[in-house]
Amino acid sequence: MSTDPKKWVAGHVASLPKSGIRDFFELVAKMKGQDVISLGVGEPDFVTPWHVREAAIYALERGKTYYTSNLGLIELRRAIASYVAEHFAVDYRPEDQILVSVGVSEALDLAFRAFCNPGDKVMFHQPCYVSYHPSITLVHGQSIAVPTFAKDNFALTAGALRAAWQPGAKILMLNLPCNPTGGTCTREQLEAIAAFAREKDLLVLSDEIYSELTFEGTHTSIASLPGMAERTIFLHGFSKAFAMTGWRIGYACGPAPLIDAMMKVHQYTMMCASIIAQEGAIEALQRGWDNVCRMREQYHRRRDLIVRRLNAAGLACHSPRGSFYAFPDVAVTGLTEKEFAVGLLEQEKVAVVPGAAFGANGAGHVRACFATAYDQIIEACDRIERFVQKIRK
Ligand code: PLP
């Protein structure tokens, strides 16, 4: 008897859209060997600093090859507590307020599973990181997308939140600085958002994975504002600022009963993050800050270059205050973001991501990641300029 295997796929999984990024990179993969410059993938071009790699090698040499506690190595949780207190001005107890996860990705998944009942509503600003909406769908939650705009440098405002709020909203998902826009909020804007969260009794999930890559002003964590630590899960990790994407290591901090709820899910699913990665993470936190600053300087230079060049090419591009993404408006070309990205790839061999991959509010824009060597960015911008000139003729 012939059968269609698709019938076994759960309905809510079948309904997930194919990631716009994956879709586009299948196209890029077909052009392998053709001198494509990728401004597509959101990944540092730096290799993890040597002293961190060495710490992991040394851990293996000492035979550290076993499971750790579900919450993670206590030495790592202590290092995280010190780091978060110093850089984000929030105090968490290593014993029961910190959970080490397999990247921020796992921490996000745990949070949605632990806090979102079917039908619960989750607010998030959009354009946003590709995984938020699908993660909410996977727990049968409902998404409320709150638009942010180029004219505001893509900062989220309390006014926009209020306009989008609906009865039943339970969770507010924040990502500041934001992937893909680089937008973030001033302290005053954040205070207004915090007041809104308290007024509406929202639990805040704050994904601050790009916080060290803040180029203007200082980053403020919403968890550090009065009355917010008790309703915030602070999510952070090593992938971006420490150039450790492949290590798969992140963490969640928050009120003990909430971390315990996430831990309940984690203990039956991932159990723990890799001990080798955890050993590397301890080293990164204890002696890695100089390298973080050096990499940030490089990103800062590249940001200034790409923003200047994109604007000179005729593509309006605000200057992202954080992250390593530029998010230019391509409407001036008369092409949709998808047509622009495909045309640029096929004609000039530069890969950028169509903005609609980050939600409907990303339409009309593309994301260009500047975690790429300075010279490559110059060459990519030359090609973008040529492409725009050709289109506009
Ligand atoms: N959150 C945001 C906003 C991201 O951009 C990414 C990766 O691109 C992640 C989370 C996932 O990070 P990790 O590598 O720690 O799982």
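The values are calculated or read from the model by the stated rules, or taken from the named source; none is laboratory data. All of these numbers come straight from a predicted model, not from anything done at the bench. Here Cβ is always computed from backbone atoms with ideal geometry, including for glycine, and neighbour counts include all displayed protein chains. With ligands, DNA and RNA removed, areas are computed over all heavy atoms of the protein, side chains included. Shrake-Rupley method; radii C 1.70, N 1.55, O 1.52, S 1.80 Å.
Over the Cα atoms of region 1-100, each weighted equally, I'd like the Debye log10 I(q)/I(0) at q = 0.10, 0.20, 0.24 Å⁻¹, rounded to two decimals.
With one equal scatterer per Cα and no solvent, log10 I(q)/I(0) is -0.68, -1.02, -1.21.
Sort the following peptides by mean Cβ neighbour count (other Cβ atoms within 10 Å, averaged over residues), highest first: 207-214, 240-247, 256-263.
Result, highest mean Cβ count within 10 Å first: 207-214, 240-247, 256-263.
Per residue, how large is the accessible surface of region 264-393? Use a 1.4 angstrom probe and give square angstrom.
40 Å²
Residues with amide H under 5 Å of VAL146's amide H, sequence separation 5 or more or different chain, H placed in the peptide plane at 1.01 Å from N; which?
PHE124, HIS125, GLN126
Note the full-extension length gain between ALA150 and ARG287 as 0.36 nm times their separation in residues minus their Cα-Cα distance, in nm to one decimal.
Value of the extension gain: 45.6 nm.
On the protein heavy atoms, probe 1.4 angstrom, tell me the percent of accessible surface of region 1-104 carried by carbon and sulfur.
Whole-percent figure for carbon plus sulfur exposure: 56.
Cβ neighbours within 10 Å, averaged per peptide: list 13-26, 305-318, 63-76 in order, most packed at the top.
On the way: 13-26: 13.2, 305-318: 18.4, 63-76: 15.5.
Ranked by mean Cβ neighbours within 10 Å, highest first: 305-318, 63-76, 13-26.
Please turn the phi angles of region 252-257 into ³J(HN,Hα) values with the Karplus equation 6.51 cos²θ - 1.76 cosθ + 1.60 (θ = phi - 60°), one per residue in order, whole Hz, x for glycine and proline.
10, 10, x, x, 3, x
From the Cα gyration tensor of region 260-393, with a ≥ b ≥ c the square roots of its eigenvalues, which class applies: rounded if a/c is under 1.5, or else prolate if a/b is larger than b/c, or else oblate?
prolate
Can you give me the orientation-averaged projected area of the convex hull built on the Cα atoms of region 55-169, in nm²?
10.1 nm²
Give, in nm to one decimal, the length gained when the segment between ALA316 and TYR67 is fully stretched (0.36 nm per residue of separation minus the Cα-Cα distance).
So the extension gain works out to 84.7 nm.
Report the percentage of all Cα-Cα pairs in region 323-393 whose separation exceeds 16 Å, rounded to a whole percent. Show your work: numbers first, answer last.
Working: 1088 of 2485 pairs.
Cα-Cα pairs of region 323-393 separated by over 16 Å account for 44 percent.
Mind giving me the nanometre distance, one decimal, between the label points for ALA256 and ILE378, set 7 Å out from Cα along Cα→Cβ?
5.7 nm
Taking amide hydrogens as modeled 1.01 Å from N in the peptide plane, which residues meet the under 5 Å criterion relative to GLY322, leaving out close sequence neighbours?
PHE215
Go through region 117-130 residue by residue and turn each phi into a ³J(HN,Hα) via Karplus (6.51, -1.76, 1.60, θ = phi - 60°); whole Hz please, and just put x for glycine and proline.
Result, rounded to whole Hz: 7, x, x, 5, 9, 10, 8, 8, 7, 9, x, 8, 3, 4.
Excluding ligands and nucleic acids, what accessible area in Å² is computed for MET270 using a 1.4 Å probe, to the nearest 10?
Solvent-accessible area, nearest 10 Å²: 100 Å².
Based on the alpha-carbon gyration tensor of region 134-226 and its eigenvalue square roots a ≥ b ≥ c, which shape applies: rounded if a/c is under 1.5, prolate if not and a/b is larger than b/c, or oblate?
Prolate.
Can you spot the lysines whose alpha carbon is less than 16 Å from LYS390's alpha carbon? Ignore those fewer than 8 places along the same chain.
The reachable lysines, counting only those whose Cα sits under 16 Å from LYS390, are LYS349.
Taking Cα atoms of the chain, Rg/Rh with Kirkwood Rh, to two decimals?
Computed over Cα atoms, the ratio is 0.97.
Efficiency by 1/(1 + (r/R0)^6): what FRET value for ASP304 and VAL41, r their Cβ-Cβ distance, R0 = 22 Å, to the nearest 0.05?
Step by step, r from the Cβ atoms, then E = 0.55.
Applying a 10 Å radius around every beta-carbon, put 383-391, 53-61 in order of their mean neighbour count, most first.
Most protected by this proxy first, the peptides run 383-391, 53-61.
Largest first, please: the extent of the C-alpha atoms of region 175-300 along each principal axis, to the nearest Å.
43, 41, 25
Taking the 0 to 90 degree range and rounding to the nearest ten, how far is the long axis of helix 187-199 tilted relative to the main principal axis of the chain, both from C-alpha atoms?
60 degrees
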